[in-house]
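Contents: one structure, followed by commentary.
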Amino acid sequence: MLNRLLAPFRNTTGLARWILVTGIVITIAFVVMAVFAPWLAPLDFNQQKVDGVKLPKLAAPSDDYWFGTSDQFYDVFSRVIWGARTALVVVTLSVLFSVLIGVPLGLISGFVGGWTDRMLVFVMDALYAFPTLLLAIVFSFLLRDALGGGVTAAALSLTVIYIPQYFRVVRNTTVSARESTYVEAARAIGAKNSSIMGRYLFGNVIQSVPVIGTLNAADAIGTLAALGFLGFGIQPNEASEWGYDLNRALDDASSGIWWTALFPGLAIVFLITGLTLVGEGLNETVNPSLRKRRIRKVEMPPNEPTTALVEGRTR
Amino acid sequence: MQTKRDVTATGESLVDIRDLEVHFELRGGMLKRLLGMDTGTVKAVDGVNISLKRGEVLGLVGESGSGKTTLGRAMLGLARSTKGSITYHERGGEGQTRERVVSQLKGADLRSLRTDLQMVFQDPNAALNPSMTIEAAVGHPLKIHGIAKGEDLRPRVAAALERVGLAPAEQFMSKYPADLSGGQKQRAVIARAIILDPEVLVADEPVSMLDMSVRAKILQLMVDLKKDLGLTYVYITHDLASAKFFCDRIAIMYLGRVVEIGPTEEIFADPKHPYTKALLKAIPEPDPNKMVPRDLPRGEIPDAAKPPLGCSFHPRCPEAVAECGWESRDLRVLLEEHWTRQETTSYEEEQALVGSLDRLDDPQKTVTLGSGADSARVRGLLDRIRQENPSEPLWSGVDEISETGDGVEVRFHQGFDPELRPSGGVEVACVLHPKPVTVEPFRPE
Ligand SMILES: Nc1ncnc2c1ncn2[C@@H]1O[C@H](COP(=O)(O)OP(=O)(O)O)[C@@H](O)[C@H]1O
Ligand code: SF4
Ligand SMILES: [Mg+2]
């Protein structure tokens with residue numbers, strides 16, 4: 001089983017593998033930050049005082065405050081670390097939700113066909129055609145009343161954006177896989193529709209889901225930051241969020257204070273880059289049409305003068 | 001599993017196929033359907049009567065597109081019949097049989113039928129789920145029908161795998177289809193089919209996608225399985241040579257119909273239908289010195305959505321006679337063939353004379369060529385074509401050629417769509433059979 005999981009990995013060469021490895025390293029760095037945030041960050045994300053003493057306002061990076069402090073008396077380094085946790089939690093939740101909704105819907109829609117299929121395709125296409133940021137803003141607006149401005153609300157507004165992508169891919173793969181002989185064979189042994197979908201189609205139609213998932217995760221980081229930047233995202237008292245910090249840093253930048261903007265900005269750029277590299281690397285390895293298998297060098301047997309001719313002929 | 005049944009063909013019907021039709025609606029574009037335009041139907045199976053005897057091997061033989069697969073699928077209820085019936089005489093206790101009309105079964109009833117009727121598919125590379133291990137794939141039928149689960153599954157899967165020659169089974173259970181060779185995959189497909197201990201196995205060209213070297217082995221495996229498990233086979237193939245080796249009885253299919261059916265020896269010793277004769281001629285001769293031309297009859301297999309009138313084999317039939325159903329489309333083919341032999345200038349001249357051939361595309365028994373002014377020249381052209389090859393069977397089907405005010409009218413004889421009729425030891429669908437008993441008139445020298 002492990003062998004099969006690693007097979008695409010082994011089949012890649014040079015650039016594709018390099019891309020995948022770099023992406024994984026960057027992403028893992030952020031995951032470590034997110035998981036160990038309470039230990040890595042010197043202060044809490046909304047901590048303004050140490051031992052009852054307020055932090056300096058807009059202090060430049062120093063030994064005490066590595067990335068400096070912000071106009072809200074926050075430690076920028078701690079905010080960046082905690083921000084990784086927020087970003088990854090939101091993105092993981094939204095990808096998870098959209099996979100959990102999009103994949104089964106696509107599978108059923110493609111398998112059942114008919115009017116169900118046409119209706120779902122119509123709705124999903126409409127959602128897909130909508131500008132993503134606008135859609136996210138609308139939904140975070142709608143969800144704010146019900147769920148507040150927290151992590152869950154942000155994750156759900158992102159979920160809506162990405163469902164159509166899983167739906168489309170899974171539905172289209174299902175439509176073509178439905179006609180395949182192995183599905184007919186499953187019918188021939190008496191399998192129920194639910195069993196055909198679960199045991200025969202599912203495993204074969206979800207193969208591009210990891211690729212879409214990572215690429216969507218990268219996209220979601222950007223969208224989440226944009227929401228925060230525009231003030232529709234996670235509220236500052238709920239969690240640390242890079243986009244919100246960038247927004248706050250706008251005024252600082254004009255007065256020559258660079259640290260409040262640079263570090264959250266770099267974090268966003270790095271995490272997006274890392275996830276995109278993983279996605280592209282996976283795409284190269286999972287997608288057979290793009291994949292070029294490594295061609296092993298042909299090893300010629302040592303040439304023994306007396307028998308070479310005979311061997312050459314029999315081979 | 002492995003309950004041995006009586007394997008000799010008993011003459012007792014196991015599956016009765018009556019007037020079976022499986023027509024597929026051709027899906028035109030959305031617009032076409034909205035406008036209610038005729039999108040056509042493919043008559044994949046078009047009136048088939050066969051009764052499958054317990055213990056026999058029945059061969060379904062025909063070129064690709066003749067409806068063999070569809071007939072096989074219909075027997076399992078995988079293709080919906082649009083008319084007629086398929087009745088399976090299920091063996092109950094104490095020699096009783098229970099009739100189950102496959103063509104009317106639905107849902108759970110239809111699924112439960114699959115413990116008795118199973119299928120082996122043409123392409124072993126496509127018939128196994130690529131993301132399922134061999135153990136899971138072969139064991140799944142038992143799970144589906146609640147026959148075995150959990151602990152019991154593994155030994156039964158192992159037994160089935162070893163029965164089809166995938167031994168030691170341990171070595172294959174955890175493999176995925178991609179790790180197996182074509183022959184091994186087909187063995188796994190067969191294992192999956194026999195694990196439910198079915199009565200009937202429909203084998204759809206089970207060896208045609210395999211390497212020459214493994215074909216004989218798989219066929220031998222099927223012979224052995226039949227003996228050991230008391231199976232009844234429907235063996236689908238386009239290759240009469242393997243049918244001769246394997247089948248007790250052969251049904252020759254053409255465009256959704258059975259055109260000849262009878263015992264294998266009879267079919268090989270004295271083929272009656274011209275199509276059967278042509279197929280027999282196409283069997284590769286093992287002795288290269290006796291190489292005979294092994295072309296199938298002239299022309300292509302016609303479009304099953306627009307079959308020829310009369311006997312659907314008539315456009316390709318070397319023995320066709322007046323009543324075989326000659327019609328406008330045959331005339332078009334004749335003219336076009338004539339023009340392929342002409343110089344460009346005379347071709348252009350002649351084509352201008354006859355006018356567009358498109359109006360011959362709708363099957364008609366009376367057609368008008370050319371225009372009123374040129375009728376004499378059109379007639380002359382037809383006469384010349386006839387001179388080129390007077391033995392062309394189409395001319396026998398022409399009733400009358402007359403010059404009318406609008407051009408030359410060609411009228412064809414009334415055609416017949418021959419039914420299967422007993423002739424000798426077989427049944428044939430051809431107007432030439434059975435041979436009419438003619439009394440030679442006495443002629444004094
Ligand atoms: N599901 C289907 N939909 C439409 N046409 C079909 C379908 N299955 C088979 N046909 C048509 O029916 C005819 C017979 O096909 P098939 O049974 O596969 O023949 P064979 O197995 O003898 O090659 C062909 O013309 C084929 O195109
Ligand atoms: S009816 Fe017999 S002779 Fe006439 S076309 Fe058909 S096969 Fe040929
Ligand atoms: Mg076929």
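The values are calculated or read from the model by the stated rules, or taken from the named source; none is laboratory data. These numbers come from a predicted model, not from an experiment. Backbone-built Cβ (ideal geometry, glycine too); neighbour counts: all protein chains shown. SASA here: full protein model, heavy atoms, side chains in, ligands and nucleic acids out. Shrake-Rupley method; radii C 1.70, N 1.55, O 1.52, S 1.80 Å.
Can you find, within the range B:57-113, the residue that is farthest from B:Thr276 (Cα to Cα) among those that are assigned to a loop (DSSP other than H, G, I, E, B) and within 14 Å of chain A (Cβ to nearest Cβ)?
In this case the residue turns out to be B:Lys106.
Name the residues in the range A:169-199 that are in a loop (DSSP other than H, G, I, E, B) and open to solvent by less than 50 Å² (accessible area, probe 1.4 Å), would you?
Of everything in the range A:169-199, those that are in a loop (DSSP other than H, G, I, E, B) and open to solvent by less than 50 Å² (accessible area, probe 1.4 Å) turn out to be A:Ser180, A:Ile189, A:Gly190, A:Ala191.
If A:Val269 meets every condition in (1) among the aliphatic types (A, V, I, L, M); (2) away from chain B (no Cβ under 14 Å); (3) crowded, with 18+ Cβ neighbours inside 10 Å apart from one, which number is that one?
(3)
Give all pairs with beta carbons closer than 6 Å in which a residue from the range B:149-177 that is more than 14 Å from chain A (Cβ to nearest Cβ) meets a residue that is aromatic (Phe, Trp, Tyr); count only pairs at least 6 apart in sequence or on separate chains.
B:Leu161/B:Phe172; B:Leu166/B:Phe172
I need the full set of residues from the range B:62-95 which are within 16 Å of ligand 2 (Cβ to nearest atom) and either open to solvent by 20 Å² or more (accessible area, probe 1.4 Å) or at pLDDT 95 or above (or both), in order please.
B:Glu63
Mind checking whether some residue in the range A:151-168 is part of a helix (DSSP H, G or I), of a type outside the set (D, E, K, R) and over 20 Å from the mean Cα position of the chain (by Cα)?
Scanning the range A:151-168 turns up no residue that is part of a helix (DSSP H, G or I), of a type outside the set (D, E, K, R) and over 20 Å from the mean Cα position of the chain (by Cα).
Restricting the search to the range A:87-106, which residues are open to solvent by less than 10 Å² (accessible area, probe 1.4 Å) and either among the acidic types (Asp, Glu) or under 18 Å from A:Ile28 (Cα atoms) (or both)?
A:Ala87, A:Val90, A:Val91
I need the full set of residues from the range B:384-409 which are of a type in the set (Ser, Thr, Tyr) and closer than 21 Å to B:Glu319 by Cα, in order please.
Residues satisfying the conditions are B:Ser391, B:Ser396.
For the condition in the same structural domain as B:Ala241 (by TED's automatic domain parsing) and at pLDDT 90 or above, what is the one hit in B:Val45, B:Val102?
B:Val45
Take the conditions in the same structural domain as B:Glu21 (by TED's automatic domain parsing) and surrounded by fewer than 22 Cβ atoms within 10 Å (Cβ to Cβ) and apply them to B:Lys185. Does it pass?
Judged against the criteria, B:Lys185 is not a match.
I'd like the full set of residues that are at the interface with chain B (Cβ under 9 Å from one of its Cβ atoms) and not polar (S, T, N, Q), limited to the range A:188-200.
A:Ala188, A:Ile189, A:Gly190, A:Ala191, A:Lys192, A:Arg199, A:Tyr200
Output the residues belonging to the range B:36-62 that are near ligand 1 (Cβ under 7 Å from one of its atoms) and over 12 Å from B:Phe24 (Cα atoms).
Result: B:Gly62, single match.
Looking only at the range B:1-25, which residues are open to solvent by 40 Å² or more (accessible area, probe 1.4 Å) and either under 18 Å from the mean Cα position of the chain (by Cα) or modelled with pLDDT of 80 or more (or both)?
Result: B:Glu12, B:Arg18, B:Asp19, B:His23, B:Phe24, B:Glu25.
For B:Pro198, all conditions in the list (1) at positive phi; (2) within 13 Å of chain A (Cβ to nearest Cβ) hold save one; what is the number of the exception?
With respect to (1) at positive phi; (2) within 13 Å of chain A (Cβ to nearest Cβ), B:Pro198 is out only on (1).
Do you know which residues across the range B:386-429 are at positive phi and more than 25 Å from the chain's Cα centre (by Cα)?
Scanning the range B:386-429 gives a single hit, B:Gly407.
Looking at the range B:201-216, which of the residues that are open to solvent by 60 Å² or more (accessible area, probe 1.4 Å) and of a type outside the set (D, E, K, R) is farthest from ligand 3 (Cβ to nearest atom)?
B:Ser213
Please find, within the range B:262-275, the residue that is nearest to B:Arg54 (Cα to Cα) out of those that are without any contact (Cβ under 8 Å) to a residue 60 or more places away in the chain and assigned to a helix (DSSP H, G or I).
B:Glu265
Might you let me know whether the range B:114-137 holds any residue that is more than 9 Å from chain A (Cβ to nearest Cβ) and surrounded by fewer than 16 Cβ atoms within 10 Å (Cβ to Cβ)?
no
For the range B:329-444, give me every one of the helices (runs of 4 or more DSSP H) that falls completely inside it and has 2 or more residues that are more than 16 Å from ligand 2 (Cβ to nearest atom) and surrounded by fewer than 12 Cβ atoms within 10 Å (Cβ to Cβ).
Filter on the range B:329-444 gives B:344-354, B:375-388.
Find the strands (runs of 3 or more DSSP E) located wholly in the range B:142-261 whose residues include 3 or more that are closer than 30 Å to B:Gly107 by Cα, and list them.
Filter on the range B:142-261 gives B:200-204, B:232-237.
So, B:Val321, is that one open to solvent by less than 60 Å² (accessible area, probe 1.4 Å), within 11 Å of ligand 2 (Cβ to nearest atom) and of a type in the set (Val, Ile, Thr) or not?
yes
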